[in-house]
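**Student:** What follows is a structure written as structure tokens; I'll ask about it next.
What follows is calculated from the coordinates using simple rules that are stated; it is not laboratory data. Everything numeric here is computed off the predicted structure, so don't read it as measured data. With ideal geometry, Cβ positions are generated from the backbone for all residues, glycine too; neighbour counts draw on all protein chains shown.
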Amino acid sequence: MADQFRSKPRAEDVDAVERVVRATGVFNDGEIAIARELVEECLAKGEEASGYYFLFADGPNGVEGYTCFGHIPGTAGRWELYWIAVDPGTHRGGLGRRLQAASEEAVRALGGVLMIAETSTRPDYAPARGFYLSQGYTLLAEVPDWHDDGDGLAIFGKRL
């Protein structure tokens, strides 16, 4: 049976997203604030007006993981995966893969033909880069020192 992920954010998801993103241990306070802001903007404006679409994996103790994605303005069918985060207590259970696949399916249903995902080139992001490669993404480009000195940008893409 396919996972049933929730697509509509609720007010309590602002704190839940912060908890999940913070628990991963790789995001700084500024990035965590952005994760919160995207949920808040979607709550205030809706998916279409905000440009932010979500999938939430609810578990017995609340949100266990989520994705946030949106159409890249000015493009034809190009979408970006802005966030994918899974509570470390659920790692190795395939939740990230299932959320990723469901996000791609949702994007296809919305007319998307290409999904872009960006991440850091820092060593502690090696699992994220490996995850994208294992999901059929191709490394399209790396930009050195993008986020900070020694912290480059890795851009992945996948045809849907």
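**Student:** According to the square roots a ≥ b ≥ c of the eigenvalues of the Cα gyration tensor, what is the shape class of the chain, taking rounded for a/c under 1.5, prolate for a/b larger than b/c otherwise, and oblate for the remainder?
**Tutor:** rounded
**Student:** Next question, about the same structure. Among rounded, prolate and oblate, which fits the stretch 79-160 when a ≥ b ≥ c are the square roots of the eigenvalues of its C-alpha gyration tensor, a/c under 1.5 means rounded, and a/b larger than b/c means prolate?
**Tutor:** On the way: a/c = 2.25, a/b = 1.26, b/c = 1.79.
Oblate shape, in that a/c is at least 1.5 and b/c is the bigger or equal ratio.
**Student:** Fewest Cβ neighbours within 10 Å first, please rank Asp87, Asp15 accordingly.
**Tutor:** Values: Asp87 21, Asp15 13.
Ascending Cβ contact count within 10 Å gives the list Asp15, Asp87.
**Student:** For n ≥ 4 DSSP H runs only, could you compute -39500 (n - 2.57) per run for the chain, divide by its residues and tell me the 222 nm figure to the nearest 500? List each step's numbers first, then the result.
**Tutor:** On the way: 5 runs with 57 residues, N = 160.
Calculated mean residue ellipticity at 222 nm is -11000 deg cm²/dmol.
**Student:** Taking the Cα atoms of the stretch 10-54, report the difference between the largest and smallest coordinate on each principal axis, in whole Å and largest first.
**Tutor:** 31, 18, 13
**Student:** If I build a Gaussian network model for the chain, linking alpha-carbon pairs within less than 10 angstrom, which residue out of Val143, Val86, Val113 has the largest mean-square fluctuation?
**Tutor:** Val143
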